[in-house]
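Following: one structure in structure tokens, then a few remarks.
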Amino acid sequence: MTNYKSELEVIKTKDGAEIRQQKTIAESVAEQRISHFVMGLAIIGTMTGPLLTVLHLIPDALFAGVFFVVGWGGLEGNGIMAKILYLIREPRFVRTDEPLLQLPKSRIASYLFWQISAITIIVGSIALESSSYDVHRQRVGHNGCTDRG
């Protein structure tokens, strides 16, 4: 269990206006072994027949919306996404204590380009490798003999 504390953060902009932002800080974590056991039982319980029939009554769009919101929450904490948002954000909405202000935007954009390029190359090579492996398995067959006769 995590104990949180909420604080109101007031950010001064260059034009003298204020942006008020709520900040939630984790103060402490209390480990509870029984809660993990109960969560495991709940997961097993949701995979049983009676609860699955109830879950099928909930519209798919509701589940899609929940996963969309949770996914976006994960993207907000991502370093790549934070840099992209910094680059497209209007200067008046950038916090004055932002560490990225010390670097030129062109340098951040270059770093992002190489980072995204590397990820694309790695994921693409893995996808090509796995698809070529499937083609090889189809040609050779399960016993190692070719299908050509």
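The values are calculated or read from the model by the stated rules, or taken from the named source; none is laboratory data. Owing to the predicted nature of the structure, the values given are computational and were not obtained by experimental measurement. Here Cβ is always computed from backbone atoms with ideal geometry, including for glycine, and neighbour counts include all displayed protein chains.
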Taking the stated definitions as given, is I126 modelled with pLDDT of 90 or more, under 22 Å from the mean Cα position of the chain (by Cα) and either assigned to a helix (DSSP H, G or I) or surrounded by fewer than 12 Cβ atoms within 10 Å (Cβ to Cβ) (or both)? no
Kindly provide the set of residues from the range 4-35 that are more than 29 Å from T96 (Cα to Cα) and under 23 Å from the mean Cα position of the chain (by Cα), ordered by number. V29
Failed condition for E7, given (1) in contact with a Leu (Cβ under 9 Å, 6 or more places away or on another chain); (2) in a strand (DSSP E or B): (1)
Which members of the range 22-46 meet the condition of being assigned to a loop (DSSP other than H, G, I, E, B) and either surrounded by 10 or more Cβ atoms within 10 Å (Cβ to Cβ) or among the acidic types (D, E) (or both)? E31, Q32
Going by the structure shown, is G16 modelled with pLDDT under 80 and under 22 Å from R92 (Cα atoms)? no
Cβ-Cβ below 8 Å, separation at least six or inter-chain, first residue in the range 93-115 and over 16 Å from M81 (Cα atoms), second part of a helix (DSSP H, G or I): which pairs? none
Within the range 102-128, the residues that are touching a helix residue (DSSP H, G or I) at 6+ places or on another chain (Cβ under 9 Å) and under 20 Å from K14 (Cβ atoms) are L103, K105, I108
Flagged in the range 75-103 as exposed (fewer than 10 other Cβ atoms within 10 Å of the Cβ) and farther than 23 Å from E18 by Cα, in numbering order, are G77, G79
